[in-house]
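Where a number appears in this text, it was derived from the coordinates with a stated rule and is not lab data. Just so it is clear, the structure is predicted and the values come from calculations on it, not from any experiment. Methodologically, a virtual Cβ is constructed for each residue, glycine included, from the backbone with ideal geometry; neighbour enumeration extends over all protein chains shown.
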Amino acid sequence: MKKLLKKITIVAERVLHEELLELLKRHHVTGWTVQSVTGEGSSGINASDWEGSVQIYTLVSAKVADDIMEEVAAKYFENWSVVVYSQDVEVMRPKKYGSSD
Amino acid sequence: MKKLLKKITIVAERVLHEELLELLKRHHVTGWTVQSVTGEGSSGINASDWEGSVQIYTLVSAKVADDIMEEVAAKYFENWSVVVYSQDVEVMRPKKYGSSD
Amino acid sequence: MKKLLKKITIVAERVLHEELLELLKRHHVTGWTVQSVTGEGSSGINASDWEGSVQIYTLVSAKVADDIMEEVAAKYFENWSVVVYSQDVEVMRPKKYGSSD
C-alpha cells in the first residue's frame, strides 16, 4: 500500500495563496495542506515584511513535481520571494491525496 | 551522533488529534510535534469542511514507521480523510525524540 | 535549475527563537522559515510545558548542515529540549534561500 511520491513545498507571500492553489489545480492536483509561516529571505526582505507567509505542500508523481516546480519558477522567481523544493516520500493510500496522474 | 530514522507525518481532521497521539503511544513513541493546518483532500471534502486539521509528526525507526502507517491506514482510511507518509531523516540525539525501540 | 541541498529543521522551546536565528546567521544562512508548533519530548517535559514551541527550518549545503547540527547539539542538548534533523531536498533557485556558501 506504499507508493513513492514527491512532496512539493512552496513558501510564498500570502497574497499568492489562491493563485498557487489554482496553479496546482491546473496540474490536476486534488489535495494539499496549507500552513501559516513567517520567514526571511535573502533578497532584502526582512522578517516583518514577510510575516504572514503561506506554506503549501502536496504529494505528487515525479513528473508532476517537475512540472509544478518549473511553472512556479517561471511565474514567480523574478518578482516574488517564492521558494519551492521537492522531497522523496513514501505515502500510504496515494489515491486519496495529490495528483490524479 | 547522527542516526537515520523515519519521519512519519499524519494529517487528519482535528477530532482525531488525541486518538492519534494514543496510537503513537501504543507504538512506544515518546516525542512528537503538532501543527495546525488547513487542507483539501480529493474525496469530496472541501477546504472549509477540512479547516482546522491537525498535522502530527514523529521520528521513529523504520520498523515502527511501517507499523504506525499500517495501523493508521487500517483504522482511518475507510471513513476519514487521513494522510500518512514517511521520509528519511538524519537526526542528532535520537534518544530524546521518537520511539524508544 | 534544481540543486540538491539539506533541509535542517530545529524544534525548540520558544525562548530560544532569536538565539537560534543568530546561530544560523553565524553560519551565513540568509533565509529560513518559522512555524509555531506544540509538542512533547521524552525528557519529562509534558505537552503543556512545551506548548508554544518554535520550529525553524532552512535549506543549506551538506557541509553547513553538519556544522549547524553539531553546534545545536553542543549548545543545547544538555539543558534544553531541542530536536534537530536533516533531510535531502531538491530546490529550485537555491541562491535566494539558505546559506550563501
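Per-residue mean of other chain beta-carbon atoms within 10 angstrom of the beta-carbon, peptide B:27-39?
Mean partner-chain Cβ count within 10 Å for B:27-39: 6.
Just to confirm the numbers: B:Lys75, label point 7 angstrom along the Cα-Cβ line, distances to the other copies in nm, shortest first?
The projected label point of B:Lys75 is separated from its counterparts by 3.8, 3.8 nm.
Evaluate the distance, in nm, between pseudo-label points positioned 7 Å from the Cα of B:Thr38 and of A:Lys63 along their respective Cα→Cβ axes.
So the label points at B:Thr38 and A:Lys63 sit 3.3 nm apart.
Let me see the P(r) profile for the range C:2-90: every Cα-Cα distance counted, bins of 5 Å, each bin given as a percent of all pairs.
Pair shares across the bins are 3, 14, 26, 25, 17, 10, 4, 1, 0.
Which of the residue pairs B:Lys63/C:Lys3; B:Lys3/C:Lys2; C:Lys3/C:Lys25; B:Lys63/C:Lys63; B:Lys3/C:Lys25; C:Lys2/C:Lys63 have a Cα-Cα distance greater than 23 Å in the structure shown?
B:Lys63/C:Lys3; B:Lys3/C:Lys2; B:Lys63/C:Lys63; B:Lys3/C:Lys25
Could you give, in nm with one decimal, how far C:Arg26 is from each other copy of that position, shortest first, with labels 7 Å out from Cα toward Cβ?
Nearest first, the other copies' label points are 4.5, 4.5 nm away.
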